[in-house]
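Engineer: What follows is a single structure, and I will ask about it in a moment.
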Amino acid sequence: MSHYYDRTQLLPAEFEFVVLADTHYTRISPDTRVEFEGRRKQLTRIAHVLNLINSLNPEFVIHLGDLTQEAPGSENFEISRQEALDQIERVDSKWHQVAGNHEVGDKPDATMPTHPVSRRILAAYHENMRSSWYSFNHGKCSFIILNSQIFNTGIPEENEQCFWLENLLVQLEGQRLFVFMHLPLFILERTESYTGHYDNIGEPARSWLIELFQKHSVELVINGHVHFQFLNYIGQIRLLTLGSTSFTRPGFAHLFTSASPPENAREDVAKLGFYLFRVLRNKVDVHFLRTGGDCKDLKILCKNQRLITLLANNLEDSPLGLTLRNPITNVSQIPIAYPSTIRQDVRNDYPLLSCFEIGVKALRVPLKDIRDNEQWTRLSLLHDQGIAICVFLFESEIHKLPTIIEEFMDTVSNWEIQLPGSIFPLAETIELLKDLQNKVKIEVSLCPVIPDQVIPGKQLPRTRFGYRLKELENIKSQLDKINLQIMNICCRIGLDENPWDVIRLAYRLKNLGKARKLYFLIELGYQDDNRNSCRAVEALFAAALFRGTRIFFDPLIDIDRTMDVSLGILDTLCNPRPVFHAIRCLNTILYGLLQWEIKEENEIQWDGVKELQFINNGRKLSLLLPGSPKDENRDPPLKATSLLLKEQSFTLYLLNQGIVLHEANEGHFIEMVAKVRNGEPCLIDIKS
């Protein structure tokens, strides 16, 4: 089997397994009338995912339920299930099946769209499949499969499962415990309503399960059903709701400030995929492997590999930060829509999950966010996973700082004082900061907020956040005179500036880098995905020269309702734009396992390409960006560079797609250069 995924950048794991959910195998002939055209793709989508799973060769696979579109009691249920099981036979790894509502029936609620679980249907499942609750061990980990559909039914099998679970958890004392079931315990909060709510386990079973999981220190609780991703914690227990391989649930699209995705939001294909779980000594890394609803031939796809990148908790030295122009989450009431009969309170977790996925290490947020309980709960979760929280406030609010610092001493890493209309703080601000620094150890940064900035093509002036490069030397000398230990200085890189030049020049200013760190504020700013990608990777690349700096990109999500429209890292459906993949990949390559000391840096212009180089003994890392038009006086020309590469081993990365090509040849290189000239950033890793 060809390998579609590249795992060379990942930490060694004790073992790996795959989890997928809600595949909904569907029997449809070309002339069958369907409610949604996307139904016709479900069969090929799951076939494609099964091929991808084989390419990973996991220890085992867990399917979280809803194997078929047909439900128990429907005309084609039995034959659909058998065909789905036949399809699964192509998977080389051991398969574990969770019972969902499309296997055994809905939870006990008269408002549910299909029949509730019955003893007859449950007996048929146990006869044709296996018990719907069981456990197995792998290494020092125990995997517990539960039937969530029978909780609160009162049938004898519910009591049998509960008795079994209580005894099992006692027997498994000392093991790492992972629980898998179809329904979530809850979506938003553990006290949410359940009658008429299609997407949770009702009471009293919910509270009983939570207490039992807490008592026995369960590590993970994983579920599907919702066709959407959510993340919750109960103490140290991580609750993950996973998305589908086949289609999205329409109602949840009301969370987003965008037009509905295709087919009434059932075809939000960027949210489709499956999950690689990697068990390490003291944690479990969960990688979302996006398929985009793809159905292509794997032999064609495997010509290039998808790079699986490190998560935020494995990137200690990364400078990657985000400025949150929008809150990290929003909670909405999803309107009444089949099959729910109540208005559901739902939280958008996709921005937060994207922070883990691209390897963000710092968030820059307004003071208001830490005063908002919903926002601070989610920010605290990010902090607990190793992401620094940097809070900014206006100088006029600085009198609040002593009290606020005391409250957030252990969770806020940096306090940014924004100076309206000035590049230097007021005398009373200086005295207050000196007094604070004598009492507590805090990190403080300064950021000027300067109005009346003339921008070409704009009718009205704009406001600038951050110091310009030419202001840094002056502010440094003034701070030295008053002996104020400002740790960090916010430096703006404008759209008219080159990130590579600004970052290198800033740190060459006399003594600035030794005493203080620079936080670079970079607005992506363009309505062009390629230009934003190039701008972002150039800054992230340059930051590798100066460990300890931070690069804050803005915006995370498209800004499309303002006079300054800008594409973000995510679109308004919170799906990745090309810059998402570009910085995710480069972040892992530069700041992951294979870090190395940079001995030499170069910038070369050739054949319409700008090449930024890092060189060490026997290795060269070259970032290729669109450059100036071809100039015959510039060296090296394309032909010479190609011949140079021909004599060495090199790897190509198409950053916007997250694609890696090992053992590349000259032909691959020439194709890549054409992409660069068309605006895409690419990376070459050359080894002698």
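Engineer: Given the peptides 459-472, 51-64, arrange them by the average over their residues of other C-beta atoms within 10 Å, most packed first. Walk me through the numbers on the way to the answer.
Structural biologist: Details: 459-472: 14.9, 51-64: 20.4.
Going from most to least packed, we get 51-64, 459-472.
Engineer: Run the numbers on the chain and let me know its relative contact order in percent, using alpha-carbon pairs under 8 Å that are six or more apart.
Structural biologist: 10 percent
Engineer: What net charge is computed for the residues neighbouring I430, neighbours being all others with C-beta under 12 Å from the C-beta of I430, Lys and Arg scored +1, Asp and Glu -1?
Structural biologist: -2
Engineer: Give the residue from P351, S131, S533 lying farthest towards the positive end of the charge dipole for the chain; charges sit on Cβ (+1 for Lys and Arg, -1 for Asp and Glu) and the dipole is referred to the Cα centre.
Structural biologist: S533
Engineer: Per residue of the chain, what 222 nm ellipticity follows from adding -39500 (n - 2.57) for every DSSP H run with n ≥ 4, rounded to the nearest 500?
Structural biologist: It lands at -8500 deg cm²/dmol.
Engineer: Can you give the net charge of the other residues whose Cβ lies under 9 Å from the Cβ of K610, counting K and R as +1 and D and E as -1? Walk me through the intermediate numbers first.
Structural biologist: On the way: positive: none; negative: E538, E603, E611.
Charge balance near K610 sits at -3.
Engineer: For H662 and I615 in one chain, what is 0.36 nm times their gap in residues minus the Cα-Cα distance, to one decimal in nm?
Structural biologist: Values: separation 47, 0.36 × 47 = 16.92 nm, distance 1.93 nm.
Between H662 and I615, full extension yields 15.0 nm more.
Engineer: Still on this structure: Relative contact order (percent) for region 107-241, with alpha-carbon contacts under 8 angstrom and 6 or more residues of separation?
Structural biologist: For region 107-241, the relative contact order is 22 percent.
Engineer: Please calculate how many Å² of accessible area region 68-132 carries per residue, with a 1.4 Å probe and no DNA, RNA or ligand atoms counted.
Structural biologist: With the other protein chains kept in place, region 68-132 gives 50 Å² per residue.
Engineer: What residue among V565, P156, V676 has its Cα farthest toward the positive end of the dipole of the chain, where the charges are +1 on Lys, Arg and -1 on Asp, Glu, each on the Cβ?
Structural biologist: V676
Engineer: For H126 and D86, what is the calculated FRET efficiency with R₀ set at 22 Å and r taken between the beta-carbons, to the nearest 0.05?
Structural biologist: 0.65
Engineer: For region 243-332, report the accessible area per residue in Å² (1.4 Å probe, heavy atoms, rounded to an integer).
Structural biologist: Per residue, region 243-332 has 37 Å² of solvent-accessible surface.
Engineer: Once the Cα atoms of helix 578-591 and of the chain are each reduced to a long axis, what angle between those two axes, in degrees from 0 to 90 to the nearest 10, is obtained?
Structural biologist: For helix 578-591, the angle is close to 70 degrees.
Engineer: Next up: Roughly how many nanometres apart are two label points built 7 Å out from the Cα toward the Cβ at I234 and Q333?
Structural biologist: Going from the I234 label point to the Q333 one covers 2.7 nm.
Engineer: Which order do peptides 227-240, 112-125, 421-434 fall in by mean Cβ count within 10 Å, highest first? Write down the numbers at each step before the final one.
Structural biologist: Numbers: 227-240: 18.4, 112-125: 16.6, 421-434: 15.1.
Most protected by this proxy first, the peptides run 227-240, 112-125, 421-434.
Engineer: One-quarter of the Cα convex hull surface for region 320-591, in nm²?
Structural biologist: That works out to 15.9 nm².
Engineer: Mind checking the dipole of the chain: about its Cα centre, +1 per Lys or Arg Cβ, -1 per Asp or Glu Cβ, Debye to the nearest 20?
Structural biologist: Values: 75 positive and 87 negative charges, 296 e Å.
I would put it at about 1420 debye.
Engineer: Could I ask something else about it? Which percent of the accessible area of region 320-591 is formed by carbon and sulfur heavy atoms (probe 1.4 angstrom)?
Structural biologist: Of all accessible area on region 320-591, carbon and sulfur atoms account for 50 percent.
Engineer: Helix 472-482 versus the longest principal axis of the chain: what angle, 0 to 90°, nearest 10, using Cα atoms?
Structural biologist: Computed tilt is about 80 degrees.
Engineer: Any of K458/K599; K439/K517; K458/K620 with alpha carbons more than 31 Å apart? Name them for me.
Structural biologist: From K458/K599; K439/K517; K458/K620, over 31 Å: K458/K599; K458/K620.
Engineer: On a 0 to 90 degree scale, rounded to 10, what angle separates helix 427-439 from the longest Cα axis of the chain?
Structural biologist: The two axes meet at around 60 degrees.
Engineer: OK, next. Pop out the carbon and sulfur fraction of the accessible area of region 72-111 as a percent, whole number, probe 1.4 Å.
Structural biologist: In region 72-111, the share of accessible area belonging to carbon and sulfur is 45 percent.
The values are calculated or read from the model by the stated rules, or taken from the named source; none is laboratory data. What you see is a predicted model; the values in this text were computed from it and never measured. Glycine gets a Cβ as well: all are built from the backbone with ideal geometry, and neighbour counts include every protein chain shown. Ligands, DNA and RNA are excluded from the accessible area calculation, which covers all protein heavy atoms including side chains. Shrake-Rupley method; radii C 1.70, N 1.55, O 1.52, S 1.80 Å.
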